[in-house]
2 protein chains.
Amino acid sequence: MSDAIAVEMTSGKQDIKSDWKPEIATAPLYMQVAHHLEARISKGDFAVGSLLPTENELAEALGVSRQTVRQAIGLLRNKGRLSARKGVGTRVEAIEATNGSTRFIAQSRSELFEIAAETEFVIGYREMVSAQGRLAVDLGCRPGRKFLHITGVRYPANRGRAFSWNEVYIDSRVAAAIKDVTVARRAIFHYIEEFTGEKIHEIQQDVRPVAMDEDIAEKVGCKGGDLALMVTRRYYGSGRRLLEYAFQILPADRFSYTTTLRAEN
Amino acid sequence: MSDAIAVEMTSGKQDIKSDWKPEIATAPLYMQVAHHLEARISKGDFAVGSLLPTENELAEALGVSRQTVRQAIGLLRNKGRLSARKGVGTRVEAIEATNGSTRFIAQSRSELFEIAAETEFVIGYREMVSAQGRLAVDLGCRPGRKFLHITGVRYPANRGRAFSWNEVYIDSRVAAAIKDVTVARRAIFHYIEEFTGEKIHEIQQDVRPVAMDEDIAEKVGCKGGDLALMVTRRYYGSGRRLLEYAFQILPADRFSYTTTLRAEN
DNA sequence: GAAATCAATTAGTACGTACATATACGGATA
DNA sequence: TATCCGTATATGTACGTACTAATTGATTTC
């Protein structure tokens, strides 16, 4: 890998000047590049709707290979921040929320992190339970396995109206990860990863419409019977071990779930 | 590119034997490889839960580079058919539907094709309309623009219980694409692409819970007020031109919407 | 003036190499 | 027996090169 130099190039379209430097030994290089690009988009260096510098220019400016730039761009394309057209260039896309509502259902693991970072999970209840009957089935474990059951409301970071009602079941072996947490400002599985050092490899997510239950409705400020989405998530560590099971109830009128599907080639 | 030869290798795990050959000039090579692998998974050559031959073995057996195999595997990983672990191998995943219900909300353009191919859209109504008021807003166009409005029920290919109620608005300039179609066995946008030669670059998809309307409920065999999901899709051609607008109403009890989020690295 | 043609530009595809890193397995050791 | 430690093996990362194909815009031609 060649040195990363501060490069100044004033092309016709956008200023590529950047003092970015690869870190020593953290994330893979292409992820660092992706974060760097995303940061500069957020900062306004690369305007929404405009074209990014070409892959070759970026590669030269950042001191990495074009392949690495392409991998980074690929990540951001998956997230919808960028779109590319052959013969034209790579366009900076608006991160939707056209109707002003916050995105709340993730489409990638990293997006789950981001959503959680923008919200607060206020834990209102916490108890050790033993999985029996229906719960054991939902958790896909033998009856009798112990889980820490916590419930609470998730608010936007500015503490406006509640977003969702949440219930979480955590494997007793890793439950200590959140023993001191009363307000979670990161994803619960993030605490678990930090505590165990083990990475969550896979999250299975299920979405279905439900009618809001009276008790829950009251807690998030709706009426019973109101429409809602229930999102269920199962978190698996290495070896497909279920570490966390959680579901949340999202009032239908407070969010929208938008995805953009783009052509692969 | 080296020649693709029929290779016979009986490794310990799985038989790689394959008479696959790259076509002359259709899809990119890595997509062909992806289709080939997917076909052999469906056929049972590679059992669900087992490990695929290694990337190097596949590359050699198919006469392509390891990078190309990796690209193909990457596509199938995105679709959830495969999962990979460093130091272990690439695992063939079950294509969910754990509860027997069919997947119905796509996560990629190609998946939309596949879903449409497994179902039939029986068109029951068809009329030219002029976009006014709310419709013009939904379509994001000036009032007065003409669209072909078609409605109908989508059934599984075997004509079991109805899946969904569908309404589609097609830009009058491309409406001729489906003028002879009474039962669509492919995606509507597929007809449009075929007719115009122009590719749909982007599809925006929105999901929200709704209560079923009496009229619609009757047509798909539910009761009014039943829970459902409404999926709205906007189809854009090149230059962000809206070519098709459609929504469908999916009864909550007949399907589930499951996604798997995997770690990026 | 309009249409066809050509050249430059840009992302996409495909190949190659080398090394990094996580995992599993077998053997040596306590 | 249980633990530790290499070794082999698999995917992951990063680099390189070369060519392909879609698009744009300028130029030529009718």
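Tabulated results
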{"item": "Cleavage-rule hits (trypsin sites (Lys or Arg not before Pro)) in region A:126-185: DSSP loop, at most 15 neighbouring Cβ within 10 angstrom", "result": "A:Arg159, A:Arg161, A:Arg173, A:Lys179, A:Arg185"}
{"item": "Relative contact order %, chain B, counting alpha carbon pairs below 8 Å whose residues are six or more apart", "result": "13"}
{"item": "Equivalent ellipsoid semi-axes, chain B, via Cα gyration tensor eigenvalues times 5, rooted, Å", "result": "40, 22, 16"}
{"item": "Where Rh is the Kirkwood radius over Cα pairs, Rg/Rh for the protein assembly as shown", "result": "0.96"}
{"item": "Helix axis angle, B:66-79 relative to chain B longest principal axis, alpha carbon, degrees", "result": "40"}
{"item": "Student exercise, region A:124-265 dipole from Lys, Arg, Asp, Glu Cβ charges, in Debye to nearest 20", "result": "240"}
{"item": "Buried area at the B-A interface (accessible, heavy atoms, 1.4 Å probe, summed, Å²)", "result": "3600"}
{"item": "Distances in nm from A:Gly49 to the matching label points in the other copies, shortest first (labels 7 Å along Cα to Cβ)", "result": "5.5"}
{"item": "Shielding of B:197-208 by partner chains, average beta-carbon count, 10 Å", "result": "5"}
{"item": "Per residue accessible area of region B:109-254, 1.4 Å probe, in Å²", "result": "45"}
{"item": "Percentage of interatomic Cα-Cα distances in region B:109-254 larger than 25 Å", "result": "25"}
{"item": "Helix-only [θ]222 nm of chain B, DSSP H runs n ≥ 4, -39500 (n - 2.57) each, per residue, nearest 500", "result": "-7500 deg cm²/dmol"}
{"item": "Greater than 20 Å apart at Cα, pairs in A:Lys199/B:Lys86; B:Lys43/B:Lys79; A:Lys146/A:Lys219; A:Lys86/B:Lys199; A:Lys199/B:Lys79; B:Lys179/B:Lys219", "result": "A:Lys146/A:Lys219; A:Lys199/B:Lys79; B:Lys179/B:Lys219"}
{"item": "Nearest-to-axis residue of chain A, judged by beta-carbon position, where the axis maps A onto B, in Å", "result": "A:Pro209, 2"}
{"item": "Nearest 10 degrees, 0 to 90: helix B:29-43 Cα axis against chain B principal axis", "result": "90"}
{"item": "Label distances, nm, A:Pro143 versus same residue in remaining copies, Cβ-directed 7 Å point", "result": "6.4"}
{"item": "Tail fraction, Cα-Cα pairs, region A:207-249, threshold 14 Å, whole percent", "result": "55"}
{"item": "Label 7 Å beyond Cα on the Cβ vector: B:Arg161 copy-to-copy distances, nm", "result": "3.3"}
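The values are calculated or read from the model by the stated rules, or taken from the named source; none is laboratory data. As the structure is a prediction and not an experimental result, all values here were calculated from the model. Positions of Cβ are backbone-derived with ideal geometry, glycine not excepted, and every protein chain shown enters the neighbour counts. With ligands, DNA and RNA removed, areas are computed over all heavy atoms of the protein, side chains included. Shrake-Rupley method; radii C 1.70, N 1.55, O 1.52, S 1.80 Å.
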